[in-house]
Amino acid sequence: MPSPAARAPEYVPTVEYIPSLEPTPATVNTPTFEPTPQAEPSSRKSSALALGGGILLLNAVLHLFEFLFLPAFSSDASLRAAQLAGTLVGVGLDTLLGVSFLQGSTRFRTLAFVRLVVGMFLFGGMSLYQAQYLFTLVVVAFTCGVLVLVWGNPSSFLAGAGLTAVLLGVGVEVIGFTRLAATQSLSERLKIALRPDLEGRQIHEGESIVGARHPYTLRVPSEGWFRRKAEVSRLSEAHIDLWLSQPELGGHLTVSVRSWSEVQAADLQEARELELSHLKAQYPDFQETDTSDNGTALEAPSVATLTGSATRNGRPSLFEVSLYKRGDKLLRVIAFAPTQTFEPLHLTGATTGLQTD
């Protein structure tokens, strides 16, 4: 009997992937927020720049103070004028750069570099020429310190070193101002800031000035007088022993000492006539106003005086001259000032109060 035929395997239909006819939605690419490389932190750089700007503004003030209050060791007017010009330019540039750096701008950094380097050589060189060695060191330290702060991106160590150099320089200046104010008020220094020919403290009314070449004393007639430097005074006349100036009102009081044999005069009256001729030669419009002496019929005078007027430096001025004979010396005292300030300065009779030993 034949075996039953094997059953054919049951057909199981397979599911094929049939692409859908529906539009496939666009794949939404969600951006991946990966950490972007951060730029080098600039807070330290900005802080150093702003600090440098603040220091430059402070330097503008100190720079002006230095010119006005520090004594001028040189009597050269041209050098003093150059210092004034440099001071004004420096103050203007420091103010501009300081404000710019405080605002975070770096566009003037090259200008700052040029200003600091040129200023270091200019002001450092002039102070070195005037033998102000400590001030020269201050200028160099200050310049290097500010350059570190405003140029480039200093590390914390370099910024600290630069700030230390600046603070040391500023500290030395503050100490210098303090010591100067202890010996001479800053207001007195301000009065002669533009007069490099004057020196020392203010001389007050009633003080007596002692002569250097001859033993005499001269009473100061009013307030606000200063000594003129000896080397400057003797450029006008080699025999001048003392020259006092009142810068506010333009008054002058001088004492000269010379040998009587140089005068070529028989007595004080004749010496007074010679002095009058010298004044007329110096001031062609000089007009004699009065003469007087303390002589008598029996005694020769010990002082002979003349007064007059002339135009000096384009301004009408009054003059008083007194001559004294002391042994083999002739002492001449001259007071002169603009006409309108002669009386307020109490110069009338000021030359007749010379006292000799």
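The values are calculated or read from the model by the stated rules, or taken from the named source; none is laboratory data. Predicted, not measured: the structure shown is a model, and the values here were computed from it. Counting neighbours? That spans all protein chains shown, and the Cβs are built from the backbone with ideal geometry, glycine included.
A few comments on the model shown:
- Gly314 being surrounded by fewer than 18 Cβ atoms within 10 Å (Cβ to Cβ), within 24 Å of Glu205 (Cβ to Cβ), assigned by TED's automatic domain parsing to the domain that holds Pro221 and at pLDDT below 95: no
- None of Thr348, Thr307, Thr289 is surrounded by 13 or more Cβ atoms within 10 Å (Cβ to Cβ), assigned to a strand (DSSP E or B), free of Cβ contacts under 8 Å to residues at least 40 places away in the same chain and β-branched (Val, Ile, Thr) except Thr307.
- Of the residues making up region 212-235, those that are assigned to a loop (DSSP other than H, G, I, E, B), within 21 Å of Lys191 (Cβ to Cβ) and of a type outside the set (Val, Ile, Thr) are Pro221, Ser222, Glu223, Gly224, Lys229.
- Residue pairs whose Cβ atoms lie under 8 Å apart, separated by 6 or more positions or on different chains, with the first residue in region 220-236 and under 23 Å from Thr348 (Cα atoms) and the second at pLDDT 90 or above and of a type in the set (Asp, Glu), are Val220/Glu205; Val220/Glu207; Pro221/Glu205; Ser222/Glu205; Glu223/Glu205; Gly224/Glu248.
- Filter result for Thr217 (closer than 29 Å to Glu343 by Cβ, of a type in the set (Val, Ile, Thr) and buried (at least 16 other Cβ atoms within 10 Å of the Cβ)): no
- Selection within region 328-345 - outside any strand (DSSP E or B) and touching a residue at least 12 places away in the same chain (Cβ under 8 Å): Asp328, Thr339, Thr341, Phe342, Pro344, Leu345
- Region 189-204: number of residues that are outside any strand (DSSP E or B) and either touching a residue at least 24 places away in the same chain (Cβ under 8 Å) or in contact with a helix residue (DSSP H, G or I) (Cβ under 7 Å, 6 or more places away or on another chain) (or both): 9
- Inspection of region 253-270 identifies no residue that is in a loop (DSSP other than H, G, I, E, B) and more than 17 Å from Leu323 (Cα to Cα).
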